Amino acid sequence: MDLLPLLPQALVDGLLLGGVYAIVAVGLTMTFGVLRIVNFAHGDFLAIGLYLTYLGATLLGLDPYLSLIFVLPLVTLTAAFTYRLLIAPVIAAPEHNQIVVTLGLSLILQNAMLAFFTADLHAIPSVLSGHIVRFGNVFIQAAALIASAVSIALCLGLYWFLRSTELGRQIRAAAQDRDAALMCGVNVDRMYLLAFCIGVGSLGLVAPLIAPFNYVSPGVGSNFTLTAFIVVVLGSMGNFAGALIGGFIIGVVEAVGGLVTGGSINFIITYAIFILFLLFKPEGLLGRRRL
Amino acid sequence: MRPMLLLGLAVAVLASVAPLLSIYGQHIFVLVALYGSVALAWNILGGMAGQMSLGHALFVGAGAYVSTALYLNLGVSPWIGLMVAAVIGGALGAGIGYTVFRRKLSGVYFALITLAVAEMALHIVNNIADLGGANGLAIPSKPDFVGFQFASKLGFCYAALGVLAVVSAVILIIHRSRLGYVFLAIRENERSAAASALMSYRERWSPPRSAARWQR
């Protein structure tokens, strides 16, 4: 079969997928860049957001885009409680302990969702699902286009927030040097809380946006967590532009790789890239850590 | 030698308790012994040497696939497959450990790379039809001592207990050896350990090898 005519479609699909990966990775890079905590439960908060969207659709009959009104605050609130109860106590603990805490949280969340919602896959219908935009031979899902656009806007917005606002300046100070920031009168604990809420809470924004073209299941989060890690390492931990670029790269690699190889061999390519980067360029594409 | 005596005593007690359990109790017994063995093997690298590996599923999986594939395709008894699996698992651990520690990856990066290697191996095996692809391999269930299939649950109890005993003994030996102290030194402070000429990375790539000794 001649694959060339399908290539533009695969490229576009990859870019749209990459936009979704980027938006998930941006939150992860935020929590890592500021708190220096590797959150293995990151994707599970996305799953919580998706289930909230699902509940909104089944119980209240809300379109995913409308349920944004309550999903975003609820996920952010969950993030705040998680920070207070689980993350703050281990913020100064050795890396090991932090990994065990977030990994344990991930297991608890996944199994709680399994207990409440069973292992069934659900699709969440929206007015936009099935809505397709056509450019020549390339077909684009409208919902995916919106998610990608928001992803880019969110990356730029967060970058602007950290660069240009007083609050962002304080967050960066807390990220650079905890003790020095404390001495300058920055409420480091509150900055950490804020960064964690933004990083994880952004998933509350992502969930309703990807709901129209993504399935919901208790395990959906762990796929996103690992991909988000790959994206974050590729684009340098703590770097927003890097997360965006890394997301697009991984998205395109998966889509084009899937077209060329078939099966799940494209994932092997993704992991191989990740492993090579970890081995030879662990600081990522954009070099030194920057926030 | 006291710890070894205690270990022998514990194994003897467990072995005499096993026949008294119900079938369900024996099933739990097997699971406890196997999970215990895996945890102990992980502890060499994670606990003693202080390196957080999230990829030990790879070694358990590799061991299981090696012995099962040998049995199903070549008719090699799992009793021999067990040794082959340990050697191959060890070689895999040595290869990964050597590559990773030479690049001086530790902490989060070590956790991530072990996780990635295990996930990649999962996808690779899923795409190999000879290894059963995503369906996996199943051993026909008929009583056959050479084939590592026992007529009663009790046989599996003793097999699992044997694995647990061997892994425990290996760990006791490592713990008391020079290697064990080197692991502890690396955990406490990698730089001082290296400064005391303990050859940090060379010592560190041995733990995955011992950890891989576990099979099925």
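If the requirement is being within 14 Å of chain A (Cβ to nearest Cβ), of a type in the set (Gly, Ala, Ser) and surrounded by 15 or more Cβ atoms within 10 Å (Cβ to Cβ), which of these qualifies: B:Gly97, B:Gly81, B:Gly36? Before the answer, list the steps.
Details: B:Gly81 fails: within 14 Å of chain A (Cβ to nearest Cβ); B:Gly36 fails: within 14 Å of chain A (Cβ to nearest Cβ).
Criteria check complete, one pass: B:Gly97.
What residue, of A:Gly27, A:Gly33, A:Gly61, A:Gly43, is at pLDDT below 85 and crowded, with 24+ Cβ neighbours inside 10 Å? Outline the logic, then answer.
Values: A:Gly27 fails: at pLDDT below 85; A:Gly61 fails: crowded, with 24+ Cβ neighbours inside 10 Å; A:Gly43 fails: at pLDDT below 85.
Residue meeting the stated conditions: A:Gly33.
Only one of (1) over 18 Å from the mean Cα position of the chain (by Cα); (2) crowded, with 20+ Cβ neighbours inside 10 Å; (3) more than 21 Å from B:Met52 (Cα to Cα) is not met by A:Ala22, so which one is it?
(1)
Just checking, does segment B:135-153 include any residue being in a helix (DSSP H, G or I), away from chain A (no Cβ under 14 Å) and at pLDDT 75 or above?
yes
Would you check which residues across segment B:107-129 are more than 9 Å from chain A (Cβ to nearest Cβ) and either of a type in the set (S, T, N, Q) or without any contact (Cβ under 8 Å) to a residue 24 or more places away in the chain (or both) and list them?
Residues satisfying the conditions are B:Thr114, B:Ile128, B:Ala129.
Just a yes or no: is a residue in segment A:282-290 touching a Phe, Trp or Tyr at 6+ places or on another chain (Cβ under 9 Å) and among the hydrophobic types (A, V, I, L, M, F, W, C)?
Within segment A:282-290, one or more residues are touching a Phe, Trp or Tyr at 6+ places or on another chain (Cβ under 9 Å) and among the hydrophobic types (A, V, I, L, M, F, W, C).
Only one of these is over 27 Å from B:Ala116 (Cα atoms) and part of a helix (DSSP H, G or I): B:Leu7, B:Leu31, B:Leu82, B:Leu40. Name it.
Sole residue among the options that is over 27 Å from B:Ala116 (Cα atoms) and part of a helix (DSSP H, G or I): B:Leu7.
Got a sec? Which of A:Ala112, A:Ala88, A:Ala119 is more than 20 Å from the chain's Cα centre (by Cα), closer than 30 Å to B:Ser53 by Cβ and surrounded by fewer than 12 Cβ atoms within 10 Å (Cβ to Cβ)?
Being more than 20 Å from the chain's Cα centre (by Cα), closer than 30 Å to B:Ser53 by Cβ and surrounded by fewer than 12 Cβ atoms within 10 Å (Cβ to Cβ) holds for just one of A:Ala112, A:Ala88, A:Ala119, which is A:Ala119.
State whether one or more residues within segment A:258-270 are among the aliphatic types (A, V, I, L, M), closer than 30 Å to A:Ala92 by Cα and surrounded by fewer than 24 Cβ atoms within 10 Å (Cβ to Cβ). Steps first, please.
Quick first cut of segment A:258-270, residues among the aliphatic types (A, V, I, L, M) only: A:259-260, A:265, A:268-269.
Now restrict to residues that are closer than 30 Å to A:Ala92 by Cα: none.
No, segment A:258-270 contains no residue that is among the aliphatic types (A, V, I, L, M), closer than 30 Å to A:Ala92 by Cα and surrounded by fewer than 24 Cβ atoms within 10 Å (Cβ to Cβ).
Right, B:Ala160: within 14 Å of chain A (Cβ to nearest Cβ) and either at pLDDT 75 or above or within 23 Å of the chain's Cα centre (by Cα) (or both) or not?
no
Is it the case that segment A:38-48 has a residue that's part of a helix (DSSP H, G or I), touching a residue at least 60 places away in the same chain (Cβ under 8 Å), more than 26 Å from B:Ile113 (Cβ to Cβ) and among the charged types (D, E, K, R)?
no
Taking the options A:Leu156, A:Leu128, name whichever one is surrounded by 12 or more Cβ atoms within 10 Å (Cβ to Cβ) and at pLDDT 85 or above.
Values: A:Leu128 fails: at pLDDT 85 or above.
Of the residues listed, the single one that is surrounded by 12 or more Cβ atoms within 10 Å (Cβ to Cβ) and at pLDDT 85 or above is A:Leu156.
Please enumerate the residues belonging to segment B:13-33 that are at pLDDT below 85 and within 24 Å of the chain's Cα centre (by Cα).
Of everything in segment B:13-33, those that are at pLDDT below 85 and within 24 Å of the chain's Cα centre (by Cα) turn out to be B:Ala15, B:Ala18.
Scan segment A:232-251 and give yes if some residue there is more than 15 Å from A:Val24 (Cβ to Cβ), surrounded by fewer than 24 Cβ atoms within 10 Å (Cβ to Cβ) and at pLDDT 85 or above, otherwise no.
No.
Would you mind stating whether A:Thr102 is within 14 Å of another protein chain (Cβ to nearest Cβ) and either of a type in the set (Lys, Arg) or touching a residue at least 60 places away in the same chain (Cβ under 8 Å) (or both)?
Yes: the conditions hold for A:Thr102.
Residue pairs, Cβ under 9 Å, 6 or more apart or interchain, first in segment A:128-142 and without any contact (Cβ under 8 Å) to a residue 12 or more places away in the chain, second assigned to a loop (DSSP other than H, G, I, E, B) and surrounded by 13 or more Cβ atoms within 10 Å (Cβ to Cβ). List them.
none
Can you tell me which residues in segment A:134-179 are of a type in the set (Asp, Glu) and either touching a Phe, Trp or Tyr at 6+ places or on another chain (Cβ under 8 Å) or in a loop (DSSP other than H, G, I, E, B) (or both)? So that I can check it myself, show each step before the final result.
Initially, segment A:134-179 is screened for residues of a type in the set (Asp, Glu), giving A:166, A:177, A:179.
Result: A:Asp177, single match.
Taking segment A:231-290, which residues are away from every other protein chain (no Cβ under 11 Å) and closer than 24 Å to B:Gly133 by Cβ?
Scanning segment A:231-290 gives A:Val253, A:Glu254, A:Ala255, A:Val256, A:Gly257, A:Gly258, A:Leu259, A:Val260.
Hey, can you tell me all the residues within segment A:214-230 that are of a type in the set (A, V, I, L, M, F, W, C) and within 13 Å of chain B (Cβ to nearest Cβ)? Walk me through it before giving the result.
Step one: filter segment A:214-230 for residues of a type in the set (A, V, I, L, M, F, W, C), giving A:216, A:220, A:224, A:226, A:228-230.
Correct list: A:Leu226, A:Ala228, A:Phe229, A:Ile230.
Considering only segment A:163-211, how many residues are buried (at least 22 other Cβ atoms within 10 Å of the Cβ), over 15 Å from the mean Cα position of the chain (by Cα) and not β-branched (Val, Ile, Thr)?
Result for segment A:163-211: 4.
The values are calculated or read from the model by the stated rules, or taken from the named source; none is laboratory data. Here the structure is a predicted model, which means the values were calculated and not measured. When we count neighbours, we look across all protein chains shown, and the Cβ atoms used for this are built from the backbone with ideal geometry, even at glycine.
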